[in-house]
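Engineer: Shown below is the structure under consideration.
The values are calculated or read from the model by the stated rules, or taken from the named source; none is laboratory data. Keep in mind that this is a model prediction, so the values were computed, not measured. In this analysis, Cβ positions are derived from the backbone assuming ideal geometry, glycine residues included, and neighbour counts consider all displayed protein chains.
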Amino acid sequence: MIRRAVAYLDRGTGASPLLRKTLRYAFPDHWSFLLGEVALYAFIVLVGTGIYLTLFFEPSLAKTTYNGVYAPLRGMEMSQAYKSVVDISYERNAGLLFRQTHHWAADVFVAAVILHLMRVFFTGAFRRPRTLIWTIGLLMLFTSLLEGYLGYSMVDDLLSGMGLAIGYGVALSMPIIGGNLALAIWGGQFPGVHAFESRMYIAHVLIFPALIATLIVLHLALVMRHHHTQFRMSPRATERRVIGLPAFPAQTPRSLGLMLAVAAVLFLLGGLVQINPIWQWGPYQVAQGTNGAQPDWYLGWLIGALRLVPGFDLTIGDYTLVGNPFWGGALFPLVVLLVLLAVPAAERRLTRDGSTHNLADRPRDAPGRTAFGMAFLTWVSLIFVAGSADRMYVFLGLSYEGQIWFYRVASLVLPFVAYFVTRRVCLALQEAERIDAERELAEAEAAAARLPAS
Amino acid sequence: MRRLAVVLVALAAAAAPAQAQPPAGVARPANETALSPIDLGAALYAGNCSTCHGVAGRGTPDRAPSLRDAGAQAADFYLRTGYMPLNHPDEQPKRGRVEFSERELRALIAYVASLGNGPPIPTPHPQRGSLNEGLRLFTSHCAGCHQIAGQGGVVTGARVPPLDQATATQIAEAVRTGPYLMPRFSDREITPSQLDSLVRYVQLTQHPQDRGGWGIGNLGPFPEGMITWLLAAVVLIATCMVIGRRLGS
């Protein structure tokens, strides 16, 4: 019976060669290759929980009066969108569990993507023939940042309204096109026309997820095509031969286990740790705000950059050519994206090595790349941490202005320090290995020399 | 005249221990239990307040404001929150241990009230207030500095205190007095019934009707990011390391 069904499918689809190839795909044997899988499974949780949430979310800015079970908001005027999310949190079966899991999954998804990106960078896995995989991954990351921003922005609570106000400011600050760009997206002056909510909604639940899913498929198809890189862990692993565990039966239970573990962590967080309690923030009205407002962590680097850039606009007479938010809110992420996109080509030029590489470097094997990576990471991280200067002031009493000046200087100086320190460490590790290898060789020779004598 | 004499006696009494002790703590008259409340208040004022606020609450230019019209409202707020006395006149007052006893507090507040025609201690009725009006008013008037869930924050030149320990009376006093950099709100800006709603809302933030598990400080994305990296990412990396370990090799 089963055999006949399988034979029917096989004849109908001609899938068996592909399936055989998939099942025999050899997985590299190192835990860091699983980080990308964590991101993939977080994405699956995002889609699953997201579908559930769309059943109840109302993407509408039409006004309504709340009369639900959360007493503090009763009798308050608010948008349908905000009300529907309060209802999801308080009145829909498992609504809050799914909402919180969805939000935690978003936070963890981006974290996993960045860890995965760091693994790929520091092992040189972006080199030929995998440069396109690297490019697609970066596009996915930046699409995901926008996707997450839209997700918490369309709720229309106090924090999301403040976040959109900043987004509007950044859009307006773009040189020349700024005013028209903001008008095109918002449909009018901030907070925008009612259609703006529908635009965010359709982008968040259809356009961006479809785009990310397509990029994931491409990303994975290209990984299948070019194979993972592998560490030189066994002498049998070479640039031309792949050593690893076959997808079936060895890797499949591992991957399934990891998927269940990721889902478990996300649902545990969703059930046990509160995230974005929008009923506490209240609905948004223009010109309102709260102290300590922050974006979700994966946009914290942009807030940090907005805070660090000194206050100035580029003006010609009365015409503002470039508004201040442009530098931190648009130029900075653009520079980060462009630098990362340029990494494979830049390394080819600098090392004059355009050949293909299937063996992963250890970070110490390429001191220049590793040092540059650490410097770049230090730069972005310092700007990211600067985004939390207000909370550091509240918690630790460190002067806010003092911190801003510290980060301004540190973000320019410490990357160079990181570069030189990392380089030295890499070279020292290489040296230590060389000495070890020489000693082992000498000891082996000595042992060999003693043998005939005895 | 008699009051001045008491002040001078108390000043002399306070001067010696003040030098022997560290600046923290308060100076008390030696014969405290024997003094009538009004004399006790005057003595405590002389020993703990007059250095900055001047004799009879006249104030000192560039140092401390006059207390002539502060009234019991401000005195009650500053003393019962531990904002006063300050160790240094230019530091920001912050909530701390109240060093005075209840009898001393009453005496000192009554003394400051007697200096002029200041407002009395307000009596808010939070049970009469409405929560949604409170939230709306708090968002418009307070959240910009105190954070929407009353967790405090930062403004130029000051640290905004969290409201988790504020009593109903203290909230009303702060709204009417405007301590330190906080603006003062008159009866016309925030009516007494609106004040009731505000107080009720702040009390809600002290005991939020919460859902969804551990509130991680009710601060929003900042602690959420910490959980993402310090908890979720660490657990998942550890999971990868366990799963990725090759068994039996």
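Engineer: Kindly establish whether B:Gly217 is more than 30 Å from A:Glu91 (Cβ to Cβ) and more than 7 Å from every other protein chain (Cβ to nearest Cβ).
Structural biologist: no
Engineer: Answer with yes or no whether A:Trp379 is among the aromatic types (Phe, Trp, Tyr), more than 14 Å from chain B (Cβ to nearest Cβ) and under 24 Å from the mean Cα position of the chain (by Cα). Walk me through how you get there before you give the answer.
Structural biologist: Values: among the aromatic types (Phe, Trp, Tyr): yes; more than 14 Å from chain B (Cβ to nearest Cβ): yes; under 24 Å from the mean Cα position of the chain (by Cα): yes.
It is true that A:Trp379 is among the aromatic types (Phe, Trp, Tyr), more than 14 Å from chain B (Cβ to nearest Cβ) and under 24 Å from the mean Cα position of the chain (by Cα).
Engineer: Report yes if A:Leu96 is within 11 Å of chain B (Cβ to nearest Cβ), buried (at least 18 other Cβ atoms within 10 Å of the Cβ) and modelled with pLDDT under 95, otherwise no.
Structural biologist: The answer is no for A:Leu96.
Engineer: May I pose another question? Name every residue in the range A:56-86 that is assigned to a loop (DSSP other than H, G, I, E, B) and either acidic (Asp, Glu) or on the phi > 0 side of the Ramachandran plot (or both), in order of residue number.
Structural biologist: Listed by number, the residues that qualify are A:Glu58, A:Gly75.
Engineer: If we only count helices (runs of 4 or more DSSP H) wholly inside the range B:106-206, which ones have 3 or more residues that are more than 22 Å from B:Tyr83 (Cα to Cα)?
Structural biologist: Hits in the range B:106-206: B:131-141, B:192-206.
Engineer: Look at A:Gly50 and say whether it is more than 10 Å from chain B (Cβ to nearest Cβ), assigned to a helix (DSSP H, G or I) and under 26 Å from A:His194 (Cβ atoms).
Structural biologist: So A:Gly50 fits the description; yes.
Engineer: Within the range B:181-201, identify whether any single residue is without any contact (Cβ under 8 Å) to a residue 60 or more places away in the chain, at the interface with another protein chain (Cβ under 9 Å from one of its Cβ atoms) and of a type in the set (Ser, Thr, Tyr), and answer yes or no.
Structural biologist: No, the range B:181-201 has no match at all.
Engineer: Looking at (1) charged (D, E, K, R); (2) in contact with a Ser or Thr (Cβ under 6 Å, 6 or more places away or on another chain); (3) part of a helix (DSSP H, G or I), find the lone condition where A:Glu147 falls short.
Structural biologist: It fails just one condition, (2).
Engineer: Only one of (1) more than 10 Å from chain B (Cβ to nearest Cβ); (2) in contact with a Cys (Cβ under 9 Å, 6 or more places away or on another chain) fails for A:Tyr82. Which number is that?
Structural biologist: (2) is the only condition that A:Tyr82 fails.
Engineer: Now for a different question. Would you check which residues across the range A:267-290 are at the interface with another protein chain (Cβ under 7 Å from one of its Cβ atoms), out of contact with any His (no Cβ under 8 Å at 6 or more places or on another chain) and assigned to a loop (DSSP other than H, G, I, E, B) and list them?
Structural biologist: A:Gln274, A:Pro277, A:Gly282, A:Gln288, A:Gly289, A:Thr290
Engineer: Would you say A:Ile185 is without any contact (Cβ under 8 Å) to a residue 60 or more places away in the chain and among the β-branched types (Val, Ile, Thr)? Quick ask: steps written out before the conclusion?
Structural biologist: Numbers: without any contact (Cβ under 8 Å) to a residue 60 or more places away in the chain: yes; among the β-branched types (Val, Ile, Thr): yes.
Yes, satisfied.
Engineer: So, in the range B:202-214, of the ones that are crowded, with 17+ Cβ neighbours inside 10 Å and within 24 Å of the chain's Cα centre (by Cα), which residue ends up nearest to the other protein chains (Cβ to nearest Cβ)?
Structural biologist: Applying the first criterion (crowded, with 17+ Cβ neighbours inside 10 Å) to the range B:202-214 yields B:202-205, B:212-213.
Subsequent filtering for residues that are within 24 Å of the chain's Cα centre (by Cα) retains B:202-205.
Details: B:Val202: 12, B:Gln203: 11, B:Leu204: 6, B:Thr205: 8 Å.
Per the criteria, the residue is B:Leu204.
Engineer: Can you tell me which residue among A:Ala264, A:Ala293 is farther than 24 Å from A:Leu164 by Cβ, within 11 Å of chain B (Cβ to nearest Cβ) and among the hydrophobic types (A, V, I, L, M, F, W, C)?
Structural biologist: Numbers: A:Ala293 fails: farther than 24 Å from A:Leu164 by Cβ.
Selected residue: A:Ala264, the only one of A:Ala264, A:Ala293 that is farther than 24 Å from A:Leu164 by Cβ, within 11 Å of chain B (Cβ to nearest Cβ) and among the hydrophobic types (A, V, I, L, M, F, W, C).
Engineer: On to the next question. Is it true that A:Leu321 is part of a helix (DSSP H, G or I) and either of a type in the set (A, V, I, L, M) or within 24 Å of the chain's Cα centre (by Cα) (or both)?
Structural biologist: Working: part of a helix (DSSP H, G or I): no; either of a type in the set (A, V, I, L, M) or within 24 Å of the chain's Cα centre (by Cα) (or both): yes.
In short, no.
Engineer: From the list A:Ala447, A:Ala375, A:Ala410, which one is in a helix (DSSP H, G or I), at pLDDT 95 or above and farther than 30 Å from A:His227 by Cα?
Structural biologist: A:Ala410
Engineer: Turning to a different aspect of this structure: Among the residues that make up the range A:232-242, is at least one of them modelled with pLDDT under 90, farther than 30 Å from B:Gln151 by Cβ and within 12 Å of another protein chain (Cβ to nearest Cβ)?
Structural biologist: Yes, that holds for at least one residue.
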